[in-house]
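Participant: Below: one structure in structure tokens.
Any read-out appearing in this document is the output of simple, stated calculations on the displayed coordinates, not a laboratory observation. These numbers come from a predicted model, not from an experiment. Glycine gets a Cβ as well: all are built from the backbone with ideal geometry, and neighbour counts include every protein chain shown.
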Amino acid sequence: MVGGLFIIITSQNYLKKVIGLAIFQTAVFVFFVSLAKVLDGTAPILTKMANVYSNPLPHVLILTAIVVGVATSALGLALVLQIYRNYETIEEKEIQSLELKSDK
Amino acid sequence: MFNIFLDDAAALVVVLPLLISAIIAFMPSKIWPWIISLVTLVLHLVLSLHLLKEISISGLIVYEFGNWEPPWGISFKIDGVNIGLQLLFSIFVLISTFYSRKIFLSEIDSGDSGKAYSLWLLAIGSLNGIILTNDIFNLFVFLEISALASISLIALGAGQNRKALLAAFNYLIIGAIGATFYVIGVGFAYAMTGTLNMNDLVIQLAQYSDGQLAIFAGMSFMLIGLMVKAAIFPVHIWLPPAYSYAPSAVSTLLAALATKTILYFFVRLLYEVFIIYPSYLSLFLDFVLYPLSLLAIFIGTLIAIYQDDIKKLLAFSSIAQIGYITLAFSLKDHSGITSGFIHIFNHALIKGGLFMAVGYFAILQKDRVTLTSLKGFGYKYPITSFALLICGLSLIGLPLTNGFISKLYLFQALYTNQMYFSIALVAVSSALAVAYFWKIVEQMWFSEIKLKTEKEDAYIYLPIWIITFSIIVFGIYSSPIIEFSNLSADYLISGYQN
């Protein structure tokens, strides 16, 4: 989680930022799924073999969150592509210097 | 037939825009997506009015999706807290959609009209979901739908200025971090209580009345995540570029409503759920939200003075105005919450009107509106300029405008809480607001160039004047807004006492 956040903050490359974001989000998803574990619980399928089940709800929630995460990454990548087409670079520093020039 | 439709009004106000958005996405026509959106939003307004009628009878509507009872199913809750906001939302989106057609046509490829309105309705539906939802995870989903839709809308501004792409990308990254923080908080809350329903959450949290570290960590994560989304001062950096490089119609919608709905949920979470930990809440309000609000007010206004680009200036003034709202909410009493809600209503109208007027100037001169480019506009386009003047005066808080009512109630609330330092600071920053607004007025009316009057488009200045007119009306006859805000505060405070 912290690793993903670190990548987002430190990297100069927009593509790497999107990757960092994906790592950050995935880490949170794993955290969420880990909450579902019930000690000695099995998969929540009704059988005669088990009485203790893990909680299925976090998995369902995370299924939704994964979809959201995919959409976020897709939009991020689409934006990176558009930035590349417009600026011919996706390095933050180079874009900033380009913008400074165009402002003058 | 129509009754079946009305029975599900609470769900339909969210579902209808979302459904229609999917239908119009690939329409090649220029005008039909707009007409369909407009019809949808008229229906939306009818449904909201129906909800208002229901609320005035029963006082509370809980809509259970698929008849799954809370706390198991997702539910929408409409009560005194959000009905006023729902009504304002419904009316404002209708007006801004009416306004948006020619603005969109001149700023984006006409072939994209269907897609633009599809995203537009998507943003409207999901923002409305934020107002109504009673489920903390469902909120995250709506938060992300609205963020993704508005990011795409902002990126449409790239046809005008390629910086829109950078603004959209920054919003995406920062917004996604905020939303993920919120999810971490939800995870902690769920681990401790096993529920996601807000009413049930209060009941379940009560068993940890002595306080648990995990709960406080979760609460903090949720609050920080929402603060990022609501652009509260130190985490506001995505907002000014996003609002200023978005297409003008989009800036109008986002500036007026996007942060407001999230602020509403923020305050609801504070006073409906977290209130059961009074010591934590007052710690957060007194030592985090209160100082940050003061900083937001002061720094937002100061930066706004030095902006040359008008849309950027308005965006920074939004930061300051959000500061006023959070300052009011940090007061922890009835008067504070009331004045916060009053300012949510009034600022939505004021900022909406200002962005509409500036957006119209931008398409008239086919360039970004800067201070120098406004020279003589007071004579060239008198109708829109006069509307801009009134909205601006209201932003400063002159009597006879609704901005004055906001300031009056804020001062009263601060006075009853004996926060004289904040009163002084708010007064000073109001005076500073005169400074940045006077710069605009000076360029528009008092520069030496006198331009000939040109014809203005009635389809565009009509919605602007509806907003401006409502600003004056609510400045003189302010009781509707005050009553709705009082109602909201009543409900939030009564939840606190139970």
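Participant: Could you give the angle, 0 to 90 degrees to the nearest 10, between helix A:14-34's Cα long axis and the longest principal axis of the Cα atoms of chain A?
Facilitator: Taking the Cα atoms of chain A, the angle to A:14-34 is about 10 degrees.
Participant: Same structure again: Which value, in Å³ per residue, describes the convex hull spanned by the Cα atoms of the protein assembly as shown?
Facilitator: 160 Å³
Participant: Rounded to two decimals, what is the ratio between the C-alpha radius of gyration of chain B and 2.2 N^0.38 Å?
Facilitator: Normalised Rg, Cα atoms only: 0.93.
Participant: Using just the C-alpha positions of segment B:281-429 as equal point scatterers, what log10 of I(q)/I(0) does the Debye formula give at each q in 0.08, 0.17, 0.21 1/Å?
Facilitator: After summing over all Cα pairs, the log10 values are -0.24, -0.92, -1.26.
Participant: Which of the listed residues, B:Ser373, B:Leu432, B:Ser394, is farthest toward the dipole's positive end in segment B:296-498, when Lys, Arg count +1 and Asp, Glu count -1 at the beta-carbon?
Facilitator: Result: B:Ser373, furthest along the dipole toward the positive end.
Participant: With a ≥ b ≥ c the root eigenvalues of the C-alpha gyration tensor of segment B:412-498, is it rounded (a/c under 1.5), prolate (a/b larger than b/c) or oblate?
Facilitator: oblate
Participant: List the pairs from B:Lys77/B:Lys351; B:Lys351/B:Lys452; B:Lys163/B:Lys452; B:Lys332/B:Lys407 whose alpha-carbon separation is above 22 Å, in the order I gave them.
Facilitator: B:Lys77/B:Lys351; B:Lys351/B:Lys452; B:Lys163/B:Lys452
Participant: Each residue of segment B:444-459 in order: what ³J(HN,Hα) in whole Hz does its phi give by Karplus 6.51 cos²θ - 1.76 cosθ + 1.60, θ = phi - 60°, with x for Gly and Pro?
Facilitator: Running phi through 6.51 cos²θ - 1.76 cosθ + 1.60 with θ = phi - 60° gives 6, 10, 10, 7, 6, 5, 10, 8, 6, 5, 10, 6, 10, 7, 4, 5 Hz.
Participant: Now a separate question. If you average the alpha carbon positions of segment B:46-75 and of segment B:255-276, how far apart do those two centres end up, in angstrom?
Facilitator: 19 Å
Participant: So, one more: To the nearest 10 degrees, how steeply does helix B:32-58 sit against the main Cα axis of chain B, on a 0 to 90 scale?
Facilitator: Around 40 degrees separate the two axes.
Participant: Given A:Lys17/B:Lys30; A:Lys101/B:Lys375; B:Lys375/B:Lys455; B:Lys115/B:Lys380, which pairs have Cα atoms separated by over 28 Å?
Facilitator: In this structure, A:Lys17/B:Lys30; B:Lys115/B:Lys380 lie more than 28 Å apart at Cα.
Participant: Need the C-alpha centroid separation for segment B:393-416 versus segment A:1-41, integer Å.
Facilitator: Spelled out, the Cα-based centre of one part sits 45 Å from the other.
Participant: Enter the mean number of other protein chain beta carbons within 10 Å of the beta carbon of each residue in B:183-195, as an integer.
Facilitator: 4
Participant: Sort A:69-81, B:335-347, B:124-136 for me by packing, meaning the mean count of neighbouring Cβ atoms within 10 Å per residue, highest on top.
Facilitator: Top of the packing list down: B:335-347, B:124-136, A:69-81.
Participant: Another one. Whole percent per 5 Å bin, from 0 to the bin with the longest distance: what is P(r) over all C-alpha pairs of chain A?
Facilitator: 2, 12, 15, 15, 13, 10, 9, 7, 5, 4, 3, 2, 1, 1, 0, 0
Participant: Another question about this same structure. For segment B:45-176, divide the Cα radius of gyration by the Kirkwood radius and give the resulting Rg/Rh value with two decimals.
Facilitator: Radius of gyration relative to Kirkwood radius: 1.04.
Participant: Once both axes come from the Cα atoms, what is the angle between helix B:80-107 and the longest principal axis of chain B, in degrees from 0 to 90, rounded to 10?
Facilitator: Helix B:80-107 sits roughly 30 degrees off the main axis of chain B.
Participant: Give the cross-link partners of A:Lys37 among the lysines, using a straight C-alpha distance below 30 Å as the criterion and excluding same-chain residues fewer than 8 apart.
Facilitator: Straight-line reach from A:Lys37, under 30 Å: A:Lys48.
Participant: What per residue convex hull volume, in Å³, comes out for segment B:1-122 when only alpha-carbon positions are used?
Facilitator: That works out to 115 Å³ per residue.
Participant: Can I ask one more? What average number of partner chain Cβ atoms lie no more than 10 Å from the Cβ of the residues making up A:72-85?
Facilitator: If you average over the peptide's residues, the count of other-chain Cβ atoms is 5.
Participant: Output the relative contact order of segment B:170-263, whole-number percent, from Cα pairs under 8 angstrom with separation of 6+ residues.
Facilitator: Value for segment B:170-263: 34 percent.
Participant: Quick one: Cα centre-to-centre distance for segment B:287-348 and segment B:193-232, in angstrom?
Facilitator: 25 Å
Participant: Please state the relative contact order of segment B:202-351 as a whole percent: Cα pairs under 8 Å, 6+ residues apart?
Facilitator: Value for segment B:202-351: 27 percent.
Participant: What's the ranking of B:368-377, B:310-319, B:67-76 by average number of surrounding C-beta atoms within 10 Å, highest first?
Facilitator: B:310-319, B:368-377, B:67-76
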